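Let me begin by presenting the structure, written as structure tokens, before commenting on it.
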Amino acid sequence: MDAALRAIADDSRRTMLEALASGPATAGELAALLPIARPGVSRHLRVLREAGLVEVRQEAQRRVYSLRPQPLAEVDDWLTRHLAMWEHRLDALHTEIARGTRARKDTP
């Protein structure tokens, strides 16, 4: 999961992943989405491959990339657990703030 989190920390790689969520794409198609040179695109794709977020297959002269959702599902599971904890804590904070506001109103 750490590799996936590091990979999605970059805006360019998130853009590529969002594009791949719609279906497979060639390296050229992904490169057209980004304002960076082709070697930079290749480095980003390598990071995504090494993190297990994408897979690549060769079609004649082209490389076609596809999304591998499993690592993202693991990140989602982790975030869901932590989000539930924070929601509980924020709800408790909201309750305490409401109590304090009421107590101040009741004090002459």
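The values are calculated or read from the model by the stated rules, or taken from the named source; none is laboratory data. Only a predicted model underlies this, so the values are computations on that prediction, with no experimental measurement involved. For neighbour counting, all protein chains shown are included, and Cβ atoms are generated from backbone atoms with ideal geometry for every residue, glycine included. These accessible areas exclude ligands, DNA and RNA; they are computed on the full protein's heavy atoms, side chains included. Shrake-Rupley method; radii C 1.70, N 1.55, O 1.52, S 1.80 Å.
Going by the conditions given, is Leu79 aliphatic (A, V, I, L, M), at negative phi and either modelled with pLDDT of 95 or more or touching a Cys at 6+ places or on another chain (Cβ under 7 Å) (or both)? Spelling it out, it is not the case that Leu79 is aliphatic (A, V, I, L, M), at negative phi and either modelled with pLDDT of 95 or more or touching a Cys at 6+ places or on another chain (Cβ under 7 Å) (or both). Within region 66-94, residues that are without any contact (Cβ under 8 Å) to a residue 40 or more places away in the chain have Cβ atoms under 7 Å from residues that are open to solvent by 90 Å² or more (accessible area, probe 1.4 Å) in these pairs: Arg68/Glu55, counting only partners at least 6 apart in sequence or on another chain.
Residues in region 1-13 that are open to solvent by 20 Å² or more (accessible area, probe 1.4 Å) and touching a residue at least 12 places away in the same chain (Cβ under 8 Å): Met1, Ala3, Leu5, Arg6, Ile8, Asp10, Ser12, Arg13.
Specify the residue that is nearest to the chain's Cα centre (by Cα); the eligible residues are those in region 52-65 that are of a type outside the set (Lys, Arg) and open to solvent by 20 Å² or more (accessible area, probe 1.4 Å). Residue satisfying both the conditions and the ranking: Glu55. Answer yes if at least one residue in region 14-23 is open to solvent by less than 90 Å² (accessible area, probe 1.4 Å), outside any helix (DSSP H, G or I), in contact (Cβ under 8 Å) with a residue 24 or more places away in the chain and in contact with a helix residue (DSSP H, G or I) (Cβ under 8 Å, 6 or more places away or on another chain), and no otherwise. Looking for residues that are open to solvent by less than 90 Å² (accessible area, probe 1.4 Å), outside any helix (DSSP H, G or I), in contact (Cβ under 8 Å) with a residue 24 or more places away in the chain and in contact with a helix residue (DSSP H, G or I) (Cβ under 8 Å, 6 or more places away or on another chain), one finds none in region 14-23, hence no. Of all residues in region 26-41, those satisfying the criterion of being within 20 Å of Arg6 (Cα to Cα), surrounded by 13 or more Cβ atoms within 10 Å (Cβ to Cβ) and touching a helix residue (DSSP H, G or I) at 6+ places or on another chain (Cβ under 7 Å) are Leu30, Leu34, Val41.
Report yes if some residue within region 43-56 is in a strand (DSSP E or B) and without any contact (Cβ under 8 Å) to a residue 24 or more places away in the chain; otherwise report no. There is at least one residue in region 43-56 that is in a strand (DSSP E or B) and without any contact (Cβ under 8 Å) to a residue 24 or more places away in the chain.
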